Amino acid sequence: MKAAIYNGEKNIILTNKETPVCNDNDILVKNIYASICGSDIAVYFHGEHGHRIIKGQEFGHEMVSKVVTVGKNVKDIKVGDRVYPYPLLARGDPKRAGSLGGFSEYILIPNCELNKQVYKVSDKISSKVACLIEPFTVGTRAARRSNPKQDENAIVFGAGTIGIAAAIALKFFGCKTIMLVDITDFRLEKAKALGFETCNSSKEDLRLKASKIFGQAYNISGMTADVDIFIDAAGASEILDTYQAMGKIESRLVIVGVHHAVRNVDILAMTFSQHSLIGSGGYKPEDVMDVITIMESGKYDIESIITHEFEWENLISAIEIASKVDEALNVIIKY
């Protein structure tokens, strides 16, 4: 089978391996499409740095797959089913969540149970959209962690796949108006086409534009934009300071973007503002079910955020293109 091995910074080996053998409790799946994650880009350009992608292993963890072999003890799964392999459990080891094998042709899923190691993908969801289930669960988890309430307002920093997923999930959870903030017009145009307010913070005054769109409310310094929820899906160092400066009283910030450096927090301002800083990492089964519901609804043209499609043989070029935020959003690999 075709296999991609992560071998360190700017070092990916495209090779052939023996196709795994399926035992009685296992299934074997063939990948249909795989999506390139920001973590795949990060380790390609900068090395491992804490991501769950391990040198010397297969990698890729955002995919939709087709069942090709089913062990005799496996129930409720049949050959031909399209499935989403759940990264935390699919390999039987949560440490393999980032090195699942999405950039390889086949994956063996041991001791497989439906709605644990894999979830079925219905005919209402195209295979291209289905390969985005994993990043959409990350975004949905971040939205859920914000404890959204009906008709609240939200700002999402970062108009990549996870940021857009968080915005869609916030609407699904009942939020009223949502703005995506980024520094690239290319991605913001994609967000705008999905029905979201946008702000290019490199060209526009975020506080002024947010106050115009959301109206105003109080913070400890006076008036500010009436925004209840902020989500950091960008990992930019200035976002925490921006939130502490403009967040209204009792607002909350969820951080899902990856930060490597230690950040300073003004605890006194946080206390008087009654601000909440909330971490969000990964996903849970409830997020998978919500993402499937969102995708099945067809309310959003999710496929529109896929800007490039590459054959497996061009994986390295695909990762390099995916890093170019002014010309790419989501990049997928086709098998």
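Read the figures in this text as sums done on the coordinates, not as results from a lab. Given the structure is predicted, the values throughout are model-derived calculations rather than measurements. Positions of Cβ are generated from backbone atoms using ideal geometry, with glycine treated the same way; all protein chains shown enter the neighbour counts.
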Two-site FRET efficiency, Ala193 against Asp24, from Cβ-Cβ distance with R₀ of 56 Å, rounded to 0.05: 0.70
Net lengthening on full extension, Glu313/Asp185 (0.36 nm per residue, minus Cα-Cα): 43.0 nm
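In segment 1-67, which GluC sites (Glu not before Pro) fall in coil by DSSP and have 15 or fewer other Cβ atoms within 10 Å?
On the way: sites: Glu9, Glu18, Glu48, Glu58, Glu62; in loops: Glu9, Glu18, Glu48.
Passing both the DSSP loop test and the Cβ count: Glu9, Glu18.
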Whole-Hz couplings from phi, Karplus 6.51/-1.76/1.60, listed for segment 18-26; x for Gly and Pro: 5, 5, x, 9, 8, 8, 4, 9, 10
Dipole of segment 185-335 [Lys/Arg +1, Asp/Glu -1 at C-beta], most positive-end residue of Val288, His259, Ile316: His259
Ile32 long-range amide H proximity, modeled H, under 5 Å: Val64, Ser65, Lys66
Anchor Lys2: aspartates and glutamates whose Cα lies under 14 Å away (excluding residues fewer than 8 positions away in-chain): Glu18, Glu58, Glu105, Glu311, Glu313
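Per-residue ellipticity at 222 nm for the chain, helices alone: DSSP H runs ≥ 4 residues times -39500 (n - 2.57), over residue total, nearest 500 deg cm²/dmol? Don't skip to the end; give the middle numbers.
Working: 11 runs with 96 residues, N = 335.
Computed mean residue ellipticity for the chain: -8000 deg cm²/dmol.
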Projected label distance in nm at Thr271 and Asp123, using a 7 Å step from Cα toward the beta-carbon: 6.2 nm
Karplus 3J(HN,Hα) series, Hz, for segment 30-46 with 6.51 cos²θ - 1.76 cosθ + 1.60 (x for Gly, Pro): 10, 5, 9, 9, 10, 9, 8, 8, x, 5, 5, 5, 4, 6, 5, 8, 10
Gyration tensor over alpha-carbon atoms, segment 136-279, equivalent ellipsoid semi-axes in Å: 20, 17, 16
Charged-residue dipole, Cβ positions (Lys, Arg, Asp, Glu), the chain about Cα centre, Debye nearest 20: 580 debye
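In segment 83-172, which GluC sites (Glu not before Pro) are in a loop and have at most 15 other Cβ atoms within 10 Å, using DSSP for the loop call? Present the calculation step by step, with values, prior to reporting the outcome.
Working: sites: Glu105, Glu113, Glu152; in loops: Glu105, Glu113, Glu152.
Those that pass, being in a loop and sparsely packed, are Glu113.
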Karplus-derived 3J(HN,Hα), 6.51/-1.76/1.60, for each residue of segment 96-108, Hz, glycine and proline x: 8, 4, x, 10, 6, x, x, 9, 10, 6, 10, 9, 8
Degrees between helix 161-172 axis and first principal axis of the chain (Cα, 0 to 90, nearest 10): 70 degrees
Cross-link partners of Lys284 among lysines (Cα-Cα below 17 Å; sequence separation of 8 or more within a chain): Lys95, Lys116, Lys120
FRET E, pair Glu250, Ser202, Förster distance 30 Å, beta-carbon r, rounded to 0.05: 0.55
10 Å-binned pair-distance histogram of the chain (Cα, whole percent): 6, 26, 33, 22, 10, 3, 0
Within straight-line cross-link reach of Lys124, lysines at Cα separation under 19 Å, skipping those fewer than 8 residues along the same chain: Lys66, Lys78, Lys299
Among Thr140, Thr307, Thr271: highest mean-square fluctuation, GNM of the chain, C-alpha pairs under 10 Å: Thr271
Label zone at Arg263 (point 7 Å along Cα-to-Cβ), backbone N below 18 Å, segment 138-158: 139-147, 154-158
Long-range HN-HN contacts of Ser104 with modeled amide H, under 5 Å: Ala4
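Using DSSP to call loops (not H, G, I, E or B), can you name the GluC sites (Glu not before Pro) in segment 178-263 whose Cβ has at most 16 other Cβ atoms within 10 angstrom?
Numbers: sites: Glu189, Glu197, Glu204, Glu238, Glu250; in loops: Glu204, Glu238, Glu250.
Counting only loop positions with at most 16 other Cβ atoms within 10 Å, the GluC sites (Glu not before Pro) in segment 178-263 are Glu204, Glu238, Glu250.
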